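Report on the following structure.
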Amino acid sequence: MSIRRRTILSWAAYLGGALRLSGVRVWAQTANFPANQDDALRALAVVVLPAELGTAGIDQKTEAFVRWVRGYRAGAEMDHGYGATRLRSKGASPAPNYLRHLEGLREALLSGDADSKRQAVTAALEQAKITDLPRTPDGRHVAADLMAFYFRSSDGNDLCYRAAIGRDQCRGLDGSEQAPAPLKGRA
Amino acid sequence: MPRYESDICIIGGGITAAMLALKLSELRPELSITVVEAGKRLFDTENRMAYRQRTIDYAENAWPGDFIEDQAAQGVISRTMAVGGSALHWGGTCNRFSEEDLRLKSMFGLYTDWPLAWTELEKFYCEAERRLGVSGEPSPFAEDRRSEPYPMAAMAMTHNLIELKRWADQSGVPFQTTPQAKNTEPYDGRAKCIRCNTCAICPTGARYSPDYTFRRLLQRKNFALHDQTLVRKLVLDDAKSTVAAAEAVSYLKPDEPVEYRAPVFALTSGYCWSPHLLLLSRSPRFPNGLANSSGLVGRYMCGHAFQSAMIEIDAKIYPGMNEQHGLISRQFFRVKDREHFVRHDLRVWESASGHEPRLRSADGRILLGDSLLADWRQRAQRGTARVRGYHDVHPDRESSLTLDAAAKNRFGDPLPKIDHRLDAATLARRDFTHEHFQQLFQKLAQAGNGKVLNTGAGNYLDHPAGGCRMGGDPASSVCDSFGQTHDHENLFVAGSPTLPNAGCTNGTLTFVALTLRSAERVAERFHKG
């Protein structure tokens, strides 16, 4: 009995250590995202974000996505719904998945021409069985999540309508009876 | 065991409690009031802008900690349990019911009448609107006449709403803006709305929220708010039928029971937890729970059904201008007779439905970058209206809240289980109701060269109420129109549980109006000695 007990305890200690190491690794991957995949992420952004944003705009959105990943809080409470209620919390950080996806796309993104880059990203999304943009990035694929991050954002909405709607801003009531002003420059 | 004594013990800390306590403190400032609430107080207004941003960016809960994990009910439509209750994150919609809601039996031979005259309720609607700070415009229908104007001018229609109203009016159905507890000017110490488009977490206080009232009350020396304290049972005086005490437990010291004693108890825990506590308070003298000699505690649970449509129209809509502000038509509050009984409101909001970015084209190709944007722009040329009608349905006696022996909280108390059921007359007109809405949606669509994208019916009853219905006859009701229970003269139930039926539009203003009326009766008890 004592041997079995010692065995169980040693396994528990090993697993605990592994989990702690794993937790530290995820934390580090989240905090330092995208680490050595920065070039791949920027190349991916050029493929999946609209050219209308321009180089600087794409860089700006990419950096906002990086900040989003770094600010992710695994386990944070989510809204518990209305009508159909359910207590939910945010899943694990998507950073490790993203790094894996970027590693898988790295060669195509950094060496191919525009068409082959698009084909590689399309193939990756097909392989991941992504059917639509998630409501908020969910870690299933970095390409879909980067698109969701931008296209579902207030800025993405403005670009689509070419108007300064500012959906997520506090804008005041005055003037709201007018159509929003045309977008100045790029969203 | 800690024992707290006050003149009035209010159980439950939502909007009903806030309004009851506020008015009592004005009518009888010398009275001591204690409010006991199971959830936490979330008074950190300084963090609300940050919470709002986390909600937008990460879909995190805008009200962290606003629930109790093991205090859940099957069939409940909101898990919020905190000081302020569901009204912490309500949309602020402040529609009135209409006289028909109070006169179903006498006007249509359906369900029941309320023991309350419309003109009487209307006075308290005015007071409720003043206290909450409602901005609105009068209805075009004479039946909706008001004895006082709204305290604030209606919120301006956005470009989108102007477009939607132009379209909707073409159908021949008159629409107006929906009245809301949102400030169109600084009001009652709170700021003017700055159109943040996130009313569920208003970062400025422009939308009324009960926590503001509680903070004001806390400045009074004879007001106490005990949060994180769950009342588990009401106990009667020996040999009398008056309530002597509320037995409670603090989540912070769960091993130490707490007792609240008062000459008057008011139950303000909403449609779910009010009947639940009465049922939990069973004893050898009252084996079916308190206030339950009629057997109707936890019966006639009500709400309204709803039918919705997304309608694509020829209009330039810019999604996101103010998605929280909408239009209402009260035309269908009135019906000719019982044979044509489909009563409902009709609501219109801007929407992006059908015009959102998508990953795959209609033929299934994956879209990236420029192609995704082009596809989105092409589909976004037309606008979408979100249309919904809350329709009047009536509960059966068996529409119930019962104690679920299979689900218990950490203290071993059985949790509630809600099972809504509609009465036979409502079920009999189900097909007629469905057909009415389909025709109405088509009529609206045609007015704007439009297309109904989809329709749907809700799978739950919204804006729920009931469980302690009011009435003149103790054999067929739990309390009178003031919420005073027939069985226990010092026990009141206030707000939503007292409604016999839930009307055909949002109920919060009605809950508040009834509560303000109850407050006068409670205050009178002390005048009498």
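Quick one: Cα convex hull volume of the stretch A:44-90, Å³ per residue? All intermediate terms of the calculation are to be shown ahead of the outcome.
Values: hull volume 5.2 nm³, N = 47.
Measuring per residue, one finds 111 Å³ for the Cα hull of the stretch A:44-90.
Which value, in debye to the nearest 20, describes the size of the charge dipole of chain B about its Cα centre when Lys and Arg Cβ atoms bear +1, Asp and Glu Cβ atoms bear -1, and nothing else is charged?
Numbers: 65 positive and 63 negative charges, 134 e Å.
The dipole of chain B has a size of about 640 debye.
Which of the lysines could a cross-linker bridge to A:K90, judged by Cα under 19 Å and excluding same-chain residues fewer than eight apart?
none
Find out how many positive minus negative residues lie around B:H486, taking Lys and Arg as positive, Asp and Glu as negative, among other residues whose Cβ is under 10 Å from that of B:H486.
-4
Set Lys and Arg Cβ to +1 and Asp and Glu Cβ to -1, take the dipole of the stretch B:67-180 about its Cα centre, and tell me which of B:G75, B:G109, B:G136 lies farthest positive.
Checking the options against the dipole of the stretch B:67-180, the answer is B:G136.
Rg and Dmax in Å for the stretch B:254-387, alpha carbons only: what are they?
Just the Cα atoms of the stretch B:254-387 yield Rg and Dmax of 26.0, 74 Å.
Just want the answer: with Cβ charges of +1 for Lys and Arg and -1 for Asp and Glu, which residue in B:S496, B:S283, B:G84 is farthest toward the dipole's positive end in chain B?
B:G84
At a Cα cut-off below 19 Å, give the lysines reachable from B:K182, other chains included and same-chain residues fewer than 8 away excluded.
Straight-distance partners of B:K182: B:K192.
Looking at the stretch B:36-112, I'd like the Rg to Rh ratio, where Rg is from alpha-carbon atoms and Rh is Kirkwood's inverse mean 1/r. If you can, show how the numbers build up before the last one.
On the way: Rg = 18.1 Å, Rh = 15.6 Å.
Ratio value, two decimals: 1.16.
Could you tell me the calculated FRET efficiency between B:K105 and B:R365, based on Cβ-Cβ distance and R0 = 51 angstrom, to the nearest 0.05? Show your work: numbers first, answer last.
Working: r = 60 Å, r/R0 = 1.17.
Once the sixth-power term is evaluated, E becomes 0.30.
Mind giving me the nanometre distance, one decimal, between the label points for B:T119 and B:A457, set 7 Å out from Cα along Cα→Cβ?
Result for the modelled spin labels: 4.0 nm.
Report the label-to-label distance for B:L252 and B:D188 in nanometres (one decimal), using points 7 Å from each Cα along the Cα→Cβ vector.
Output for this residue pair reads 2.8 nm.
Assuming a ≥ b ≥ c are the square roots of the Cα gyration tensor eigenvalues, decide whether chain B counts as rounded (a/c under 1.5), prolate (otherwise, with a/b larger than b/c) or oblate. Kindly include the intermediate steps, with their values, before the conclusion.
On the way: a/c = 1.76, a/b = 1.50, b/c = 1.17.
Since a/c reaches 1.5 and a/b is larger than b/c, the shape of chain B is classed as prolate.
Note down the relative contact order for the stretch A:85-187 as a percent, whole number, built from C-alpha pairs under 8 angstrom at least six residues apart. Write down the numbers at each step before the final one.
Values: 85 pairs, mean separation 19.6, N = 103.
RCO, the stretch A:85-187: 19 percent.
Quick one: plug the Kirkwood hydrodynamic radius of chain A (C-alpha pairs) into Stokes-Einstein at 37 °C, 0.692 mPa s, and report D in µm²/s. Could you put the intermediate results ahead of the total?
Details: Rh = 19.2 Å.
Translational D for this selection: 171 µm²/s.
Work out Dmax and Rg for the protein assembly as shown from the C-alpha atoms and quote the Rg first, both in angstrom.
27.9, 90
In the stretch B:334-396, if the dipole is taken from +1 on Lys/Arg beta carbons and -1 on Asp/Glu beta carbons about the Cα centre, which of B:P395, B:Q381, B:H340 is farthest to the positive end?
The one lying farthest along the dipole's positive direction is B:Q381.
In debye, nearest 20, what is the charge dipole magnitude of the stretch B:35-185 about its Cα centre with +1 on Lys and Arg Cβ and -1 on Asp and Glu Cβ, if you could check?
Numbers: 17 positive and 23 negative charges, 31 e Å.
So the dipole magnitude of the stretch B:35-185 works out to roughly 140 debye.
Can you give the relative contact order of chain B as a percent, counting alpha carbon pairs under 8 Å and 6+ residues apart?
Relative contact order of chain B: 22 percent.
Just the number: Rg to Rh for the stretch B:319-411, Cα atoms, Kirkwood Rh, two decimals.
Working: Rg = 22.3 Å, Rh = 18.2 Å.
Radius of gyration over Kirkwood radius for the stretch B:319-411 works out to 1.23.
With no solvent and one equal point scatterer per Cα, compute the Debye intensity ratio I(q)/I(0) for the stretch B:234-287 at 0.12, 0.14, 0.16, 0.30 Å⁻¹ and report its log10, rounded to two decimals.
-0.31, -0.42, -0.55, -1.25
Skipping prolines and chain starts, which residues have an amide H placed within reach, meaning under 5 Å, of the one on B:E185, given they are 5 or more residues away or on another chain?
Amide H neighbours of B:E185: B:C193.
Cut-off under 29 Å on the C-alpha distance; same-chain residues fewer than 8 positions from A:K117 excluded. Which lysines are left, in chain and number order?
Candidates past the 8-residue exclusion: A:K61, A:K129.
Taking only C-alpha pairs under 8 Å that are 6+ residues apart, what is the relative contact order of chain A in percent?
Worked out over chain A, it gives 19 percent.
Would you mind working out the magnitude of the charge dipole of the stretch B:84-155 relative to its Cα centre, with +1 at each Lys and Arg C-beta and -1 at each Asp and Glu C-beta, to the nearest 20 Debye? Please report the intermediate quantities before stating the final value.
Details: 8 positive and 12 negative charges, 31 e Å.
That gives the stretch B:84-155 a dipole magnitude of about 140 debye.
If a cysteine in chain B has no other Cys Cβ under 4.7 Å from its own Cβ, put it on the list, ordered by number.
B:C9, B:C94, B:C126, B:C193, B:C199, B:C202, B:C272, B:C302, B:C468, B:C479, B:C504
So which of B:K123/B:K221; B:K105/B:K443; B:K23/B:K417; B:K221/B:K253; B:K23/B:K123; B:K336/B:K443 end up more than 22 Å apart by C-alpha? Write down the numbers at each step before the final one.
Values: B:K123/B:K221 31 Å; B:K105/B:K443 31 Å; B:K23/B:K417 33 Å; B:K221/B:K253 25 Å; B:K23/B:K123 15 Å; B:K336/B:K443 20 Å.
Going by Cα-Cα distance, B:K123/B:K221; B:K105/B:K443; B:K23/B:K417; B:K221/B:K253 fall outside the 22 Å limit.
Put a dot 7 Å past each Cα toward the Cβ at A:R25 and B:D238; how far apart are the dots in nm?
6.9
Compute the Rg/Rh shape ratio of the stretch B:455-529: radius of gyration over Kirkwood radius, all on alpha-carbon atoms.
Numbers: Rg = 14.3 Å, Rh = 13.2 Å.
For the stretch B:455-529, the value is 1.08.
Please find, in a Gaussian network model of chain A (springs between Cα atoms separated by less than 10 Å), the residue of A:A43, A:A95, A:A35 whose mean-square fluctuation is greatest.
The residue with the greatest mean-square fluctuation here is A:A35.
Read-outs throughout are calculated quantities, based only on the coordinates presented, and are distinct from any laboratory measurement. Note that this is a predicted model, so its numbers are computed, not measured. Here Cβ is always computed from backbone atoms with ideal geometry, including for glycine, and neighbour counts include all displayed protein chains.
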